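One structure is given below, encoded as structure tokens.
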Number of protein chains: 2
Amino acid sequence: MRISELAEVTGVPVHTLKFYLREGVLPPGAATSRTRADYGEAHVERVRLVRALVEHGGVSIGDIRSIVEALDSPPPSRHELLGVAHRALPGVTAGAEVSAEVADLLESLGWTTCTDGPLAAGLTAAVAAARAAGVELAPAELRRYAEAMRAAAEVDVEVALRATSAADALRTVVLGTVMVDPVLLALRRIAQEGVSAERG
Amino acid sequence: MRISELAEVTGVPVHTLKFYLREGVLPPGAATSRTRADYGEAHVERVRLVRALVEHGGVSIGDIRSIVEALDSPPPSRHELLGVAHRALPGVTAGAEVSAEVADLLESLGWTTCTDGPLAAGLTAAVAAARAAGVELAPAELRRYAEAMRAAAEVDVEVALRATSAADALRTVVLGTVMVDPVLLALRRIAQEGVSAERG
DNA sequence: ACCTATCGGACAGTAGCACTATCCAACGAG
DNA sequence: CTCGTTGGATAGTGCTACTGTCCGATAGGT
């Protein structure tokens, strides 16, 4: 299909599609002449993905470029898959410090694989930011939060293991992480009201 | 203290403090003359709060205004407290539809208080966005996510109940929701690697 | 063959946000 | 008395995600 048809199918203006082509988040179509290109079903899916990430995931175009590059590149081994996926995702600032409290927490939970990585640094930063804003966050509470998220992560991993190919697993992990985050946060707020009602 | 001292103490430039005054997220100081005002410890705390919300919570100035207005207004009854807090928080778009699936889920979990509210609508939107992006999200998985977040919410509610005054509880809920969200998401990523390592 | 509506591509412009810079008259400490 | 600082107003900056305009080439109908 031509770019105007792609625009019609996806509901995204032609100009915006051109912008996505320029930014490298949408691969070029198969050129049929110097001024024509042919787009397929894969392009429709990609556009839907980009729109979902921008509108509901709040992901920037630059970060989306990392994500689609990861999705397009030859999938790594199962072992490295999560690392690649997490590196493509936004919010990971390498090189930061890991607090002793976070290191202890991870060790006590048996998660020793990433005690020094950027994820632990990100957690340290998030905890520090919460405390700076005046939130009291005792280690015991942090641990209970961690165990709650372990339950969520178990679902994540089961879904990812269900994937038939490594490429599919990568896609599942990246998308599942970005797009399910808002679902979890919405559930948290609802659960607060639910739990509060149960106890009041 | 004067505005320049407030800037020095908080590390925020004077110009930015003026901007916060204009935007109504920082209350004016006590005027000592037509060109002087006096700021106190409450202002220092407020500036730290605003910075934390902007930098680490990703909250816009407009939403911060809602939050601080909620914090400043006379606290409601315990019963309405969560509703007020959630209404002040960003990401709540009223008037949207609630899917049957979400309504069923909430009912099966016993959370009947907000089956029709904006929170359920937000959850519906988040689930729809995830599916639109290509994430398969079976009702059974959604339910497991919900139960994981119930565990997190139980911590939230316990912390809030520990507050001595209603104003303190409101502050705890609002801040705890906004600032702990990134902590939970960081924990989720780490837990994914941990769980994956356990099973691999 | 001709004509007109796209097409792809390049470049600049827009809107919104979170600041940031410049001015100005009015203080107020030395 | 003077000179730096203050509060206040107005305008500008840099960033991001588009959006508008223009251009030459071409596809498709006649």
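The values are calculated or read from the model by the stated rules, or taken from the named source; none is laboratory data. In this text, all values refer to a predicted model and were calculated from it rather than measured experimentally. Cβ atoms come from the backbone with ideal geometry, glycine included; neighbour counts cover every protein chain shown. Accessible surface is based on the protein model in full, side chains and every heavy atom, while ligands, DNA and RNA are left aside. Shrake-Rupley method; radii C 1.70, N 1.55, O 1.52, S 1.80 Å.
Label-to-label distance for A:GLU8 and B:LEU161 is 6.0 nm, based on points extended 7 Å past Cα in the beta-carbon direction. Take every Cα pair under 8 Å whose residues are at least 6 apart in sequence, average their separation, divide by the length of chain A, and the relative contact order is 17 percent.
How much FRET efficiency would the formula 1/(1 + (r/R0)^6) give for A:GLU101 and B:ARG199, where r is the Cβ-Cβ distance and R0 is 25 Å, rounded to 0.05? Mind dumping the intermediate values first?
Details: r = 27 Å, r/R0 = 1.07.
Given R0 = 25 Å and the Cβ-Cβ separation, E is 0.40.
Counting only heavy atoms of the protein chains and using a 1.4 Å probe, B:ARG144 has close to 90 Å² of accessible surface.
Per-residue shielding of A:2-11, expressed as the average number of other chain Cβ atoms within 10 Å of the residue Cβ, stands at 0. Surface burial for A against B, with a 1.4 Å probe and both sides summed, reaches about 6700 Å² of accessible area. Once the partner protein chains are put back, the range B:124-143 shows a loss of at least 50 square angstrom of accessible area, versus the chain by itself, at B:ALA129, B:ALA133, B:VAL135, B:GLU141 (probe 1.4 Å, ligands and nucleic acids excluded). Sequence-ordered 3J(HN,Hα) estimates for the range B:23-29 from the Karplus curve with 6.51, -1.76 and 1.60 and θ = phi - 60° stand at 7, x, 9, 10, x, x, x Hz, glycine and proline given as x. Taking A:VAL59, A:VAL14, A:VAL178 in turn, the Gaussian network model of chain A (Cα-Cα springs below 10 Å) assigns the largest fluctuation to A:VAL14.
For A:ARG22, A:ARG150, B:ARG34, B:ARG131, give the ranking by accessible area with the largest first, probe 1.4 Å. Write out the running numbers ahead of the final one.
Values: A:ARG22 175, A:ARG150 55, B:ARG34 235, B:ARG131 90 Å².
Greatest to least solvent exposure: B:ARG34, A:ARG22, B:ARG131, A:ARG150.
A cut-off of 5 Å between modelled amide H atoms, ignoring neighbours fewer than 5 places along the same chain, links A:ASP38 with A:ALA30, A:ALA31, A:THR32. Across all directions, the average flat footprint of the convex hull enclosing the Cα atoms of the range A:56-199 is 10.1 nm².
The distance linking the range A:19-35 with the range B:160-200 is 42 Å (Cα centroid to Cα centroid, whole angstrom).
Size descriptors for the protein assembly as shown: radius of gyration and Dmax over Cα atoms are 22.7, 74 Å. Placing +1 on the Cβ of every Lys and Arg and -1 on the Cβ of every Asp and Glu, with no other charges, gives the range B:1-55 a dipole of roughly 220 debye about its Cα centre. Computed from backbone phi with θ = phi - 60° and the Karplus coefficients 6.51, -1.76 and 1.60, the 3J(HN,Hα) list for the range B:36-49 is 9, 9, 10, 10, x, 5, 4, 5, 4, 5, 4, 4, 4, 4 Hz; x is used for glycine and proline.
Rounded to the nearest 20, the size of the Cβ-charge dipole of the protein assembly as shown about its Cα centre is 1040 debye, with Lys and Arg at +1 and Asp and Glu at -1.
Phi angles of the range A:147-156 translate, via the Karplus equation with coefficients 6.51, -1.76, 1.60 and θ = phi - 60°, into HN-Hα couplings of 6, 5, 6, 4, 4, 5, 5, 5, 4, 3 Hz per residue; Gly and Pro are given as x.
Could you sort A:ASP156, B:ASP116 by their accessible area in this structure, using a 1.4 Å probe and putting the largest first? Don't skip to the answer; put the middle values down first.
On the way: A:ASP156 20, B:ASP116 140 Å².
Ranking A:ASP156, B:ASP116 by accessible area, largest first, yields B:ASP116, A:ASP156.
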